Amino acid sequence: MGLSAYLTVSILLFTLGVICIISRRNVLYVLMGIEMILNASSINFAAFNRFNGGGLEGRMFVIFIIILAAAEAAVALAIVLNVFHLFHSVKPSEADLLRE
Amino acid sequence: MPDTSHLFTSLPTWQWQLLLAVPLIPLVGYVIQIFWGKHLPRQGDWLLTAGMGVVMCITVYMFFIARGHSSGEGYFIAESLRDGFGWDWLHRARPQAEGLSLPTGLMYDGLGAAMLAVVGVVSFFVHLFSTGYMKGDRRYHIFFANISLFTFAMLGLVLSDNILFLFIFWELMGLMSYLLIGHFSQDPTSHRIRQAAAACKKAFMTTRVGDTCLLFGMAMFYFLLPEHFNELVEQGKIHADKIGGTFNFTLLWQRASMVVEANGGAYPIWMTTAGLFIFGGTVGKSAQFPLHIWLPDAMEGPTPVSAMIHAATMVAAGVFLLGRTFPLMSPTVLAVVAAVGGFTALFAATIGCTVFDIKGVLAYSTISQLGFMVASIGCGALGLVAGLFHMVTHAFFKSCLFLSAGSVIHGCHHEQDMRKMGGLRKKMPITFACMLICSLSISGMPLFAGFYSKDRIIAAAFGGLSLNFNGGTFAATVFLPLAACLTTFYMFRLIFMTFFGEPRDHHVDEHAHESPWNMTVAISVLATLGLFGGYFWLMHPTSPLGAHGTWFTEMVDWRTMYPGVDLTRTNLAGMAASVPHAAAHGGSALHEAGAAAEHLAHFYHGFNPHVTAMIASLAVLLIGIALAVQMYLRRKWNPAKVTGALGEGYVWVANKYYIDEAVQATVIRGTIGLAAIQRWIDENIVDGLVLTVGRIGKALGFFSAWFDKHVVDGLVNLVGGLTQAFGSIARLFQSGRIQQYVSFAVAGGILVAAFHLLT
Amino acid sequence: MDSFTVLNHSSILAWITFIPLIGMAAVLCVPRTNMSVIKGITYVATFVPLVLATVVYFGYDTNFQGYQYAQEVPWIKLGSFEVFWRVGIDGLSLPLVWLTTILLLVAVPASESVPRLSKAYYALLLLLEVGILGVFISLDYFLFYVFWEVMLLPMYFLIGIWGGPQREYAAIKFFLYTLAGSVLMLVALVAMYLDQGTFSIPQMMAIGKAGGWTGPSLLGMTFTTWVFWFLFIAFAIKIPSFPFHTWLPDAHVQAPTPISVILAGILLKLGGYGLIRACFPIVPHAFTDFAFALGVLGVISIVYGAYVALGQSDFKRMVAYSSVSHMGFVLLGMAALTEFGMKGAALQMFNHGTSSAACFLVVGVIYDRAHHRDLNAFGGVAQPMPRYWALSTVAFFASLGLPGMAGFVSEALTLVGSFQSADTRFQILVLISCLGVVLTAAYILWALQRVFLGPLNEKYKDYKDITGREIFSLAPLLFLCIFLGIFPFYLLDWMDIGVKDLMSILLLGK
């Protein structure tokens, strides 16, 4: 099984993640999409690491991303809670304060 | 350059110091008087008068020393610089350094000695007279201070050995004349306060015109003479070293005559021009036509001032200047001098016959007499001596006449109009006697001082005419005897109107009284000099007419006055050029001049126009007296009828030929008008230009402000507006929705990827 | 380090210049209510420089050719751009330094009558003295320029704050006019620096002497011609020469008396001094090309100034225009290119400094009493004020150039020197300027007559005669007028070498 198979999985996962972010109406799904994209990139790191000399760097990034994703999920959930307090909704289309 | 030092007499230092003390005594007196005079006893008048007494003694003493020198060799001139007594005026640290240096000393010669003694004597008696005349004046001490400083200036002028210092003292006299004429211009009790204020200004201004001419003439001699001289040295025509400029009289004489001789007796044109400028100084100071207008007005001053400044000394300084610069004067200049002098003499005499102010008559008489002197000097070498001699005798009798007039005015309580006087001879016998003596003297009655000089003047005019017929000598010959006739007439008119007949104004007559002793003593002494000052004939009973020479002609002789200068080869050679004998000799110009000179010397030695002149002057004297007697004493001819018969001519003369009015209308109005115009130009055009530049600047400023606001700022706003517009468009993409942003990002990513893939 | 001939080094010039500055600082420290202390400090701060200047005057070696009491210290150094504190005096600047110190001292008592007098007035007065003295002692063009500007500012305020009714107008006119000149000077200065890379005036003179300016021609005029005209106009405004004179009457009429005294007495001299120090010898060839034109300007100033003065009815304006006329002699004498003329011009600067200052003081005295200056409204003032009349006569006759007074020596030297000029056209100029001499007598005598003589106008009956304080201001100036008229060698000996040196440079242009 070559590199392209890993990358295909990764692309699929990434694409799904992106579609998830863009299309879902619930902010929690958006978070999930983000997790999927992060994981897609982790797969890439791991795959490239494996096929390129097998050093520690790629794996280090994977671990790093996992930790980061965890932290991010925590922060994001906190934001979501605040957004919910502010807008009484978790729909991203209604949280449009960024345009101001 | 020929050595002429043997021609100079050497005086011991103590004598130079004595001479230096002569001007310094009145100067010290002035300083004391101006600062402390008011607090001195009798306001300091005795201090200054005593000082002048000392000055008089010194001048007379030195006069006799000079006379002793000149009687031996027949020659006397001394310069203190030659005796190591002098100083450098402009640079002290490096005397005689190259370039700017003006060594200054005293000069004492026959003419100087005579003049110095005259000034000393007249000044003392004027001071003495003033102690009586000015009594009770509000500014008594200032009067004495000023007249003392004036005396200083006059004495300094006589002693100057260079023309620059002569000029300095000359102007200083002008200042003192200004202050003294204006003496009453600050006295509220004087009823002529306004006239005095105008008169002093007029006097200074008018003489200033002449003075400026003199300054310019001096500058010309200072620079053009060495230039010309050095040119001739280069051409080998003069065997001497090159020279620099000088103001020194003796050097000027010698160098000028060397230049003229090298030119073959012809004066270069610049020298004629410069000579005319110098003569301009005389015209101003000695009140010659057309600058005579100040002198009659100057009578606004106190009478002692008129006697001293405007009769005896200051106005004579112009004549003295001519005496000092005679070798510099070309024949052309001398012709002009003679013409101007002759014309002035007659012209002023005619006015003198119509004036009723007692001082006015004397003022015009002074102008006329100065015209005599000037005309005489213009007639050549004999006339030079005669003119200078007349300057001396005139100083005596005219100062006496003025002081006597002052005595009359004093006695009549400041009444000056002769029509209100009359019959005063009984009330004021001494004044009358003095005035009569001096009137005879000025008329040229034989045995009186004026006779000896006036006779010589007329002789010189006749001699000048026969030697060189030109406009100048012709004017002198014709005008002077006529003027002499009128002189006699108006002087006796004055005497008769004032002292004879019946009193015409009882108010004046009642108060008339003889003056106090200090005044009568002064006029008596001066009258004595007016009688004997020309020639002391009691000492020479065999030749009472002085045909063999008087004291003055013994001391001042045209052959020896200017050491190292042979006048017959310079001024007089030109004058003799028209003598047929000279032309007959033919040959070169130099030869011709030499021949002319020879002839001239011969001519002057053999010439004695005394007899002709004496007959003429006696004739005019008798005519004048006869006229006056007929009109004013015996009253056979009513003066009113005579003047009526003269008609318009009389009106013209009585109004002084309307010269004052003409000057007022042209020169003064013109100058003030020009000044007003230039002021307008300055305020409107020159300053206007500046203001226009300012206004343009201001306008540019406002324009810039508008431009800035509307164009520059507009551009900025435009940029801002555009940015805003773009922003509004960009805003459409900015929904604030994260999902949309992500979509854009992904789309962007896809586009980039597509770009990469496709290229 | 010495780029010029120097006899001795000394810091005394720096002391003379900066003692007034110290005085100014001291004045600023004193509370404003304590006017007597402020005045005391001002007296000290103006008197000490006078004493020092007198010491310098008598210590000056009149036989030395070069600069004395010199000092040269680096001041600004930015790469090759070097400015020095480079000072020294010679026979041309020394008399003017001395004149400055005496006139400033005289101005202090004369200031008593200035309305709204305050601490700032004295401070500015002292600052003004620093600027003026600095210009006279500078031998570095940059320094010269700096002091030139330093002097400008206090003058602006002194006229603009303590002046007459139209003071703002006059002050701005003065300031802008002079500033325009300064700009021209700056342009020329920069151009010369870029050309030869030095600010040292002696060195510039040496360059000028050798014809070493290499700058480009512009619009058909050579570099030196441009430099010459720029500098000339800068200084001609200050002199002031026709047609740049119109700031002067306004400034004078509006300025308070002591400021008029300084303005006429010293500021005008800066123009003349600038010409002989920092214009003619630097570009001698250009100068000699245009000497006749300058002579014509001088004569126009003389005659025209005299005419306009004759046409004035304001006493002070008349004296102001007389300054234009008298300073014309300075220009004429310089342009004649003779030793006599140059000495006459240098002497005239000093003498005009004393006589015109005295005239302004005289006008100030009557103005303080009458509060107007209309010549036609006076009359007979000599009667209540005889001492005032006597002193005024001396002042005005000194200004008139009466022989025996200082003005005559300089005017006569100028006229006689111009007559001597190698350019014979100058003889005609002299003849014309003689008209100015006559007109001078006319306007002065006419003014004296209208103010002092004749019947007394009743309004002026009770006027107090001149006071001791006023005499204290006037007396030193009048004394100088008379003293230098009788003993002119007390200045001419000092100027001799300086003038000869200058002439040796200028005549090279011939």
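Values quoted throughout were computed directly from the atomic coordinates according to the rules given, and no laboratory measurement underlies them. Keep in mind that this is a model prediction, so the values were computed, not measured. Virtual Cβ from ideal backbone geometry, glycine too; neighbours counted across all protein chains shown.
Here are some notes:
- Over region C:72-220, all Cα pairs binned in 5 Å intervals from 0 give whole-percent P(r) values of 2, 8, 14, 17, 18, 14, 11, 8, 5, 3, 1, listed from short to long.
- Inter-part distance where region B:328-357 and region B:262-316 are each reduced to a Cα centre, Å: 11 Å
- Averaged over the residues of peptide B:138-151, the number of Cβ atoms from other protein chains lying within 10 Å of each residue's Cβ is 1.
- The lysines within cross-link reach of C:Lys173, meaning a Cα-to-Cα straight distance under 26 Å and a gap of 8 or more places when in the same chain, are B:Lys698, C:Lys119, C:Lys238, C:Lys269, C:Lys316.
- Signed unit charges on C-beta, dipole axis of chain C, positive-most listed residue C:Leu268, C:Leu361, C:Ile505: C:Leu361
- Exposure proxy ranking, count of Cβ atoms within 10 Å, fewest first, for B:Leu384, C:Leu153: C:Leu153, B:Leu384
- Cα gyration tensor, region C:233-274 - rounded (a/c under 1.5), prolate or oblate: oblate
- Rounded to whole Hz, the Karplus (6.51, -1.76, 1.60) HN-Hα couplings of region C:115-125, x for glycine and proline: x, 6, 5, 8, 4, 4, 4, 5, 4, 5, 4
- Charge tally for B:Ile34 (other residues, Cβ to Cβ under 13 Å; Lys, Arg +1; Asp, Glu -1): +3.
- Pairwise Cα distances in region C:290-510 exceed 30 Å in 26 percent of cases.
- Built amide H within the under 5 Å cut-off of C:Asp140, gap 5+: C:Arg86, C:Ile201
- About the Cα centre, charge dipole magnitude for chain C (Lys/Arg +1, Asp/Glu -1 at Cβ), debye: 980 debye
- For C:Lys77, the aspartates and glutamates whose Cα falls under 18 Å of its own Cα, not counting residues fewer than eight places away in the same chain, are C:Asp2, C:Asp140.
- For C:Trp75, the residues whose modelled amide H falls within less than 5 Å of its own, excluding neighbours fewer than 5 places apart on the same chain, are C:Val83, C:Phe84, C:Trp85.
- More than 14 angstrom apart: percent of Cα pairs within region A:1-53: 51 percent
- Loop trypsin sites (Lys or Arg not before Pro), region A:7-96, which have at most 13 other Cβ atoms in a 10 Å radius of their Cβ (DSSP): A:Arg25
- With all pairs of separate Cα atoms included, region B:404-447 yields a Kirkwood hydrodynamic radius of 11.2 Å.
- For region C:412-465, alpha-carbon Rg and Dmax in angstrom: 19.0, 58
- Within the protein assembly as shown: Cβ-based charge dipole about Cα centre, in debye rounded to nearest 20 (Lys, Arg +1; Asp, Glu -1): 2780 debye
- Value at 222 nm in deg cm²/dmol, rounded to 500, when DSSP H runs of n ≥ 4 in chain B each add -39,500 (n - 2.57): -23000 deg cm²/dmol
- This ranking places C:Ile41, A:Ile34 by how few other beta-carbon atoms lie within 10 Å of each, fewest first, which gives A:Ile34, C:Ile41.
- Separation of region C:203-274 and region C:158-188, taken as the distance between their Cα centroids, equals 15 angstrom.
- Relative contact order of chain C, pairs being alpha-carbon contacts under 8 Å that are 6 or more residues apart, as %: 16 percent
- Relative contact order for chain B, counting Cα pairs under 8 Å that sit 6 or more residues apart, in percent: 12 percent
- Alpha carbon centroid spacing (whole Å) that separates region B:24-56 from region C:453-470: 28 Å
- Per the Debye calculation on chain B with a single equal scatterer at every Cα and no solvent contribution, log₁₀ I(q)/I(0) for q = 0.07 Å⁻¹ amounts to -0.53.
- Computed over chain C, the P(r) curve from all C-alpha pair distances, binned at 10 Å from the origin, holds 4, 21, 32, 27, 12, 3, 1, 0 percent per bin.
- Sum of side-chain charges, B:Ala449 neighbourhood, beta-carbon under 13 Å (Lys, Arg +1; Asp, Glu -1): +2
- Across peptide C:396-403, the average count of Cβ atoms from other chains found within 10 Å of a residue's Cβ is 4.
- Exposure proxy order (Cβ contacts within 10 Å, fewest to most) of C:Cys481, B:Cys200: C:Cys481, B:Cys200
- Shape class for region C:139-272, computed from the alpha carbon gyration tensor (a ≥ b ≥ c): prolate, with a/c not under 1.5 and a/b above b/c.
- Hydrodynamic radius by Kirkwood, which averages 1/r over all alpha carbon pairs of region C:174-232, in angstrom: 12.0 Å
- Two-decimal log10 I(q)/I(0) for region C:360-439, as the Debye equation yields it once each C-alpha is a single scatterer, q = 0.21, 0.26 Å⁻¹: -0.95, -1.20
- Neighbourhood charge, 11 Å Cβ-Cβ cut-off, centred on B:Ala705 and excluding it, Lys, Arg +1 and Asp, Glu -1: 0
- Two-decimal Rg to Rh for the protein assembly as shown - Kirkwood Rh, Cα set: 1.23
- Anchor B:Lys38: lysines whose Cα lies under 20 Å away (excluding residues fewer than 8 positions away in-chain): B:Lys135, C:Lys464
- Net charge dipole size for chain A [Lys, Arg +1 and Asp, Glu -1 on Cβ; Debye, nearest 20]: 220 debye
- Positive-end extreme of charge dipole, the protein assembly as shown - chosen from A:Asn82, B:Val716, B:Val629 (charges on Cβ): A:Asn82
- Here the 3J(HN,Hα) profile of region B:527-538, calculated from phi with Karplus coefficients 6.51, -1.76 and 1.60 at θ = phi - 60°, is 5, 4, 5, x, 8, 9, x, x, 7, 8, 6, 4 Hz, Gly and Pro shown as x.
- Computed helical MRE - 222 nm, chain C, DSSP H runs ≥ 4 contributing -39500 (n - 2.57), nearest 500: -23500 deg cm²/dmol
- Cα-based values for region B:424-465, radius of gyration first and Dmax second, are 14.1, 48 Å.
- Taking region B:117-227 and dividing mean pair separation by its residue count, relative contact order in percent (alpha carbons under 8 Å, at least six apart): 19 percent
- For B:Ile77, nonlocal amide neighbours, meaning residues 5 or more places apart or on other chains whose placed amide H falls under 5 Å from its own, are B:Thr9.
- Shape category assigned to region C:420-509 from the gyration tensor of Cα positions, a/c cut at 1.5: oblate
- Above 18 Å, the calculated P(r) of region A:3-92 contains 52 percent of its Cα-Cα pairs.
- Here, region C:265-399 has an Rg and a Dmax of 17.1, 57 Å when only alpha carbons are counted.
- Region B:516-522 - phi-based ³J(HN,Hα) in whole Hz, Karplus 6.51/-1.76/1.60, Gly and Pro as x: x, 4, 4, 7, 5, 4, 4
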